[in-house]
Amino acid sequence: MFFKKQANHPSQANESLLLEGCLRNDGRYLKELYDRYASRLLAVCCRYCRNREEAQDVLHEGFIKAVKNLHRFEAKGSLEGWLRKIMVNACLENFRKNKHLVVVDGLDHSPELPVESKALDNMSANELLELVNALPPGFRVVFNLYVLEGLNHKEIAKELNISIGTSKSQLSRARLALQNMVRRMDKDVYNRYAQH
């Protein structure tokens, strides 16, 4: 008969053992929590912050909040999903604190043009994320919340303390800016081939 070996080290711990160790404030388990999830959560923070240093600061603040609130985790979803939500909230708090949003009045929704691009066919997910990261902060945050986090404009407006119209205009302008970036990439690719 085969018996499942009990995890003796935090890195071998399953999620429930990891949580128990963290709730006991055991440093080994807290380090394992950080080591297990930090790189993926840093990627989330980088999507909302101006640079990697700011993202790392927000990540650390988010982990402190997460550890203080681990007793509230109800295990209805994954621990990683719960941590991700805390990180997004920490990013939004940082965003609001630093007032990165540039409000554009008088524009509820600008038309979007279809993008027919060869550049998109050859782009990796990381390259697409780089384009999103190149957006102005307000555009980037609204785009991330809408497209990647799945929030609607009412939820975004509440999170950022802006109007629904501002949320819509920021998203529309973000999409337009991304379309323009892709068009410039297409033009650059065309020009490179035309020179040969």
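What follows is calculated from the coordinates using simple rules that are stated; it is not laboratory data. What you see is a predicted model; the values in this text were computed from it and never measured. Positions of Cβ are backbone-derived with ideal geometry, glycine not excepted, and every protein chain shown enters the neighbour counts.
Longer than 28 Å from Cα to Cα, which of LYS76/LYS158; LYS65/LYS168; LYS68/LYS158 are they? Say none if no pair is. Cα-Cα > 28 Å for LYS65/LYS168; rest within.
Each residue of segment 40-54 is assigned a 3J(HN,Hα), and the resulting list reads 5, 6, 5, 4, 4, 4, 4, 5, 10, 9, 6, 7, 5, 5, 5 Hz, derived from the Karplus form 6.51 cos²θ - 1.76 cosθ + 1.60 (θ = phi - 60°), x at Gly and Pro. Backbone N atoms of segment 56-90 closer than 11 Å to the 7 Å Cα→Cβ label point of LEU23 belong to residues 70-75. Here the Kirkwood formula puts the hydrodynamic radius of segment 13-81 at 12.6 Å, using every distinct Cα pair. Remark: segment 69-81, residue by residue, has Karplus-estimated 3J(HN,Hα) of 10, 4, 5, 8, 5, 9, 6, 7, x, 7, 4, 4, x Hz, where x stands for each Gly or Pro and the curve is 6.51 cos²θ - 1.76 cosθ + 1.60 at θ = phi - 60°.
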